[in-house]
Amino acid sequence: MSSHSHPVTDATATRPVEFKIWRGDAKGGAFEQYTAQVTGGMVVLDCIHQVQAEQAPDLACRWNCKAGKCGSCSAEINGKPSLMCMTRMDTLPADQPVTVEPLRAFPSIRDLVTDVSWNYEVKKKIVPFKPREPDRPDGTWTVFQEDVERVQEFRKCIECFLCQDVCHVLRDHHKHDEFIGPRFLVYTAALEMHPLDTADRIADLKERDGIGYCNIGKCCTKVCPESITITDNAIIPLKERVVDEFYDPITRLLRIFRPK
Amino acid sequence: MSVPEAIVHEHDVIVIGAGGAGLRAAIEASAGGAKVAVICKSLLGKAHTVMAEGGMAAAMGHVDDRDNWEVHFSDTMRGGGYLNNWVMAEHHAKEAPDRVRELEAWGAVFDRTKDGRILQRHFGGHRYQRLAHVGDRTGLEMIRTLQDHGVHQGLDVYMEMTVVALLTSGGRIAGVLGYDRERGRLRVWRAGAVILATGGIGKAYRITSNSWEYTGDGQALAYEAGAEIMDMEFIQFHPTGMVWPPSVRGLLVTEGVRGEGGALRNSEGRRFMWDDIPEAYKNQVALDEEEAWRYVCGDKSAQRPAELLTRDHVARCINREVKAGRGSPHGGVFLDIAWIKSRVPNGEEHIKKKLPSMYHQFMQLAGVDITKEAMEVGPTTHYCMGGVRVDGDTQMSSVPGLFAAGEVAAGLHGANRLGGNSLSDLVVFGKRAGEHAARWAKEHGAAPVDSAQVEAETARALAPFDRPNGENPYAIQSDLQDVMQRLVGMVRTKSELEEALGHLDSLRARAAKCGVSGHREYHPGWHTAIDLRNLLHVSEMITKSALLRPESRGGHFREDFPAKSEECTGFNLVARRADDGSMDIDRRQRAPIRPDLQAIIERMK
Ligand SMILES: Cc1cc2nc3c(=O)[nH]c(=O)nc-3n(C[C@H](O)[C@H](O)[C@H](O)COP(=O)(O)OP(=O)(O)OC[C@H]3O[C@@H](n4cnc5c(N)ncnc54)[C@H](O)[C@@H]3O)c2cc1C
Ligand code: SF4
Ligand code: SF4
Ligand code: FES
């Protein structure tokens, strides 16, 4: 989502923009219409706040940083999973209303707020980081920049769960009990490829985490606001490790003798 | 206890806040054998700490082996105008390196030196390269590491719940009262000890780098519970916030930009920071741009660029340029990192690699490519040096059983915080608070909860619903922010501060009559009505303290007293609720500094 926007030149001219915002809760809901007064440089979250302050003080949404750093303000804007704080109004078509609705892969709580607690439960089950013995007497390790670059890419994740939202295995097939989703494949990859880690998560990936459900369609990669190459850099290498471990007897044997 | 509506939870230690300080405190209290609950307003992992960019200060000496705790200690004291709690400054300087290493042992992945150790970068006011970092997303690395480690330590986490009152019994802490956002139900958490780790107050101002969470809850809750609140006149205005477009005004531009060589220029293209160099730093600033660039590249014989002076000073210089008509088109000045392309091979890639989220932020929100053009920046309300007055060893406040750590606590930073000293503060004092709170809870047990207090506080929290036609709380919050921005901002003067106090009185009267309608579930209007109480308390503390410090120092600048005063070096201002409910501010004489620490300061001058 590295949509390059144009420089903002004029922020004084105001134009009215129609919004259709989903209002409701777990029992159901509908789109309601609002009008926001938009000036140059405004993002969707600014409009939501304007509506909240002036027209609907009980409109529920989440946000924190307003800078694409915390992953709180996820929603579907014109049908596309996006961060409201990083979606500039002037990147949306000017001639039609802007629709804003909650993430659809998770249960609704109210308006734009969904129940994402499932994600926290999933994460808790993944075998935690376990470092090797320190390399130095002061309890530290020697690790070079080139060894951490891959993992640093994964650790940019802001847990916005947009990738979870777009993944058809969760969104359409509701396999929440069998599949951990792209976010937690990235998380597992960050642990597995961490230069200090010694734990093994390969059997879990295959049996409990459902990595086999992923068909590498890359929808997740396309929505990631941190531009993490979820499929190519995280999921495919993990799939290869699963194959090595379970289907290739020689690698499997070697694995026993060679530390990872 | 007969509390009709509230749900009751029982723990040994309650931690309010899940930023770096709260999580580190919870982990430590849990390790000390306590049953721990963490309560936070947002989802886990979204606290303000996630936004920290530049890094975490710790004298590890990986890049410059001349660094050690004594240098870090004296830098912190000098930066703080010598009003710091020197006990805390000593602990912080000594313990920060271990806290960084501990994060690494828990899975954090810092940027590396060529010889495979944790890399450290330059930041304002730090004599040597001292900030451990991960690009410009160090806070994310810290919070994720603590969160992922913490969830396996048996903590009970209550997300999206807001504490509205501290419960006391016979002068000590007994628990807290809060509401959950999802349903709007009131809950009581009983506990032996409570740790405040609620962060800052930025939302008292119009232009701020802080999020909606920063409504001064911890400072106000502690104040209402009878605790002492110190140094509230010292507010840090970060020199470089975005100024354009209006919707992102105030958003932070990390000091890391200047650490990597970014130059501040006025409309005439002049690096104006060299025009005024404070006496205390005369020996620490490069003679010219050439020497400054050598410093950025790690030349140990070179001194720092003038852009890397302390934040209070840089912010005032920017103000001066703008007032003199030498600003940028939208009322800031220029911050130029693109110029370093003439000095480093592959400059564009280098900038993107070192400052990825700044690149992203400007590209997406302002349409500015920082590898090609200068940014426009200006001061933004950023950090609150003041807060709950605590014991320097244990972090306990003046209310027995109530502890505070992180931004909500006062002391470490004195009159001005050095960049990078907050992230290290969080883990050093988070750990200390956790350890001592667990011990205190074990020794003293729980106290009975006073159901009359619970009922009264519940009624107070729900009162806005009784006034469905009352004024919209958003309008009051917005007016409050304008008053503070206009009259109690970076440059202060007696008449304006007094005017502000008048406005605060009428805002308080309006807040008492504000109302909301509808149901309690996930109701941001109601939440804002409650936040207002806290914002009003902290705004009054800031304004009154600012009136009572007739000098300029650190984050407090008085136009009518533009110099430092010797007399004012001797005290800190302490706010406390008087018996009649009004706010008392008194001068607290400072304890004389330990001679060996004074000797270090002298040696490093
Ligand atoms: C944009 C930005 C960049 C920064 N960069 C740096 C940097 O590079 N280096 C550095 O050292 N410092 C930096 N800082 C400062 C530093 O990030 C903060 O001071 C620090 O993270 C505060 O941490 P904390 O643990 O005290 O509080 P926070 O991380 O803010 O956490 C506060 C917690 O308290 C909770 N809370 C608050 N009120 C209540 C309530 N009533 N009930 C329940 N829960 C409540 C919140 O939900 C949250 O979980 C930066 C700050 C900003 C804004
Ligand atoms: S690539 Fe895999 S994980 Fe990503 S969206 Fe497609 S199926 Fe889901
Ligand atoms: S991987 Fe990307 S899309 Fe998925 S949660 Fe993390 S930041 Fe969001
Ligand atoms: S508010 Fe933090 S990512 Fe949008």
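At a glance:
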{"read-out": "For B:148-161, mean number of other protein chain Cβ atoms within 10 Å", "value": "2"}
{"read-out": "Efficiency of FRET between B:ASP482 and B:ALA509 - r from beta-carbon atoms, R0 22 angstrom, step 0.05", "value": "0.85"}
{"read-out": "Relative contact order (%) - chain A, alpha-carbon pairs under 8 angstrom, separation at least six", "value": "17 percent"}
{"read-out": "Förster-model FRET efficiency, 60 Å R0, A:ASP177 and B:TRP339, C-beta, rounded to 0.05", "value": "0.60"}
{"read-out": "Centre separation in Å (Cα based) which lies between segment B:165-217 and segment B:532-605", "value": "24 Å"}
{"read-out": "Farthest positive-ward along the protein assembly as shown dipole, Cα basis, beta-carbon charges - from A:GLN55, B:VAL188, A:VAL151", "value": "A:VAL151"}
{"read-out": "Set of lysines near B:LYS46 by C-alpha distance (under 21 Å), chain-local residues within fewer than 8 positions excluded", "value": "A:LYS66, A:LYS69, A:LYS123, A:LYS124, A:LYS125, A:LYS156, B:LYS203, B:LYS431"}
{"read-out": "Paramagnetic reach from B:ASP115 (point 7 Å along Cα→Cβ, amide N under 17 Å) across segment B:296-339", "value": "B:298-300"}
{"read-out": "Rounded to 10°, Cα long-axis angle of helix B:524-547 versus longest principal axis of chain B", "value": "60 degrees"}
{"read-out": "Cα-based equivalent ellipsoid of segment A:106-206: semi-axis lengths in Å, sorted from largest, via gyration tensor", "value": "31, 14, 12"}
{"read-out": "Placed amide H near B:ILE195: partners under 5 Å, 5+ positions off or other chain", "value": "B:ILE14, B:VAL15, B:ILE16, B:PHE403"}
{"read-out": "Förster-model FRET efficiency, 35 Å R0, A:ASP25 and A:TYR247, C-beta, rounded to 0.05", "value": "0.15"}
{"read-out": "Relative contact order %, chain B, counting alpha carbon pairs below 8 Å whose residues are six or more apart", "value": "22 percent"}
{"read-out": "Amide H contacts of B:GLN236 (H built 1.01 Å from N, under 5 Å, at least 5 apart or other chain)", "value": "B:HIS382, B:TYR383, B:CYS384, B:MET385"}
{"read-out": "Rg to Rh, two decimals, where chain A supplies the alpha carbon set and Rh follows Kirkwood", "value": "1.05"}
{"read-out": "Residue with peak Gaussian network fluctuation, chain A [Cα springs, cutoff 10 Å], from A:ARG132, A:ARG110, A:ARG150", "value": "A:ARG132"}
{"read-out": "Kirkwood Rh, Cα atoms: Rg over Rh of segment B:1-94", "value": "1.13"}
{"read-out": "For segment A:196-207, Karplus couplings with θ = phi - 60° (6.51, -1.76, 1.60), whole Hz, Gly/Pro x", "value": "9, 6, 10, 6, 10, 10, 5, 5, 4, 4, 6, 8"}
{"read-out": "Residue (of B:ALA463, B:ALA452, B:GLN477) at the positive-pole extreme of segment B:444-488, dipole from beta-carbon charges", "value": "B:GLN477"}
{"read-out": "Isotropic mean projected area of the C-alpha convex hull, segment B:241-381 (nm²)", "value": "8.2 nm²"}
{"read-out": "Spin-label zone in segment B:500-514 - amide nitrogen under 17 Å from a point set 7 Å from the Cα of B:ALA578 along the C-beta vector", "value": "B:501-502, B:505"}
{"read-out": "Percent antiparallel among DSSP beta bridges (both partners in the protein assembly as shown, rounded to 5)", "value": "70 percent"}
{"read-out": "Full-stretch length increase - B:LYS352, B:ALA475 - with 0.36 nm per residue and alpha-carbon distance subtracted", "value": "40.2 nm"}
{"read-out": "Debye, to nearest 20: dipole size of segment B:446-509, +1 on Lys, Arg Cβ, -1 on Asp, Glu Cβ", "value": "180 debye"}
{"read-out": "Overall Cα dimensions of the protein assembly as shown - principal axes, largest extent first, Å", "value": "79, 68, 64"}
{"read-out": "Quotient of Cα Rg and 2.2 N^0.38 Å for segment B:33-140, N being how many residues it contains", "value": "1.17"}
{"read-out": "B:ILE118 long-range amide H proximity, modeled H, under 5 Å", "value": "B:THR113"}
{"read-out": "Residue-by-residue Karplus 3J(HN,Hα) for segment A:51-67, coefficients 6.51, -1.76, 1.60, Hz, glycine and proline x", "value": "4, 4, 6, 10, 10, 9, x, 9, 6, 9, 8, 10, 6, 9, 8, 6, 8"}
{"read-out": "At q = 0.18 Å⁻¹, base-10 log of I(q)/I(0) for segment B:473-605 (Debye sum, equal scatterers on each alpha carbon)", "value": "-1.03"}
{"read-out": "Cut-off 16 Å (backbone N to label point 7 Å along Cα→Cβ of B:HIS152), residues of segment A:166-190", "value": "A:187-190"}
{"read-out": "Averaged over B:208-219, number of beta-carbon atoms from partner chains that fall within 10 Å", "value": "2"}
{"read-out": "Net dipole in debye of segment B:241-381 [+1 Lys, Arg Cβ; -1 Asp, Glu Cβ; about Cα centre; nearest 20]", "value": "200 debye"}
{"read-out": "Shielding by other protein chains, B:469-475, mean Cβ within 10 Å", "value": "2"}
{"read-out": "Chain lengthening between B:ALA459 and B:GLU373 when straightened (0.36 nm per residue, less Cα-Cα)", "value": "25.5 nm"}
{"read-out": "Cα convex hull volume per residue for chain B (Å³)", "value": "143 Å³"}
{"read-out": "Crossing angle, helix A:145-154 versus chain A [Cα axis fit, 0-90 degrees, rounded to tens]", "value": "50 degrees"}
{"read-out": "Square roots of five times the Cα gyration tensor eigenvalues for segment A:14-114, Å", "value": "19, 15, 13"}
{"read-out": "Those GluC sites (Glu not before Pro) in segment B:139-213 that DSSP places in a loop and that have at most 11 other beta carbons within 10 Å", "value": "none"}
{"read-out": "Between helix B:451-462 and chain B: long-axis angle, C-alpha atoms, 0 to 90°, nearest 10", "value": "60 degrees"}
{"read-out": "Relative contact order (%) - segment B:424-572, alpha-carbon pairs under 8 angstrom, separation at least six", "value": "26 percent"}
{"read-out": "Under the Karplus curve 6.51 cos²θ - 1.76 cosθ + 1.60, θ = phi - 60°, whole-Hz ³J(HN,Hα) for segment B:131-140, x wherever Gly or Pro sits", "value": "8, 5, 7, 10, x, 10, 9, 5, x, 4"}
{"read-out": "Estimated dipole of chain B in Debye, rounded to 20 [Cβ of Lys and Arg +1, of Asp and Glu -1, Cα centre]", "value": "480 debye"}
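We did not get these values from a lab; they are worked out from the coordinates using the rules stated. Quick caveat, the model's predicted, so the values are computed rather than measured. For neighbour counting, all protein chains shown are included, and Cβ atoms are generated from backbone atoms with ideal geometry for every residue, glycine included.
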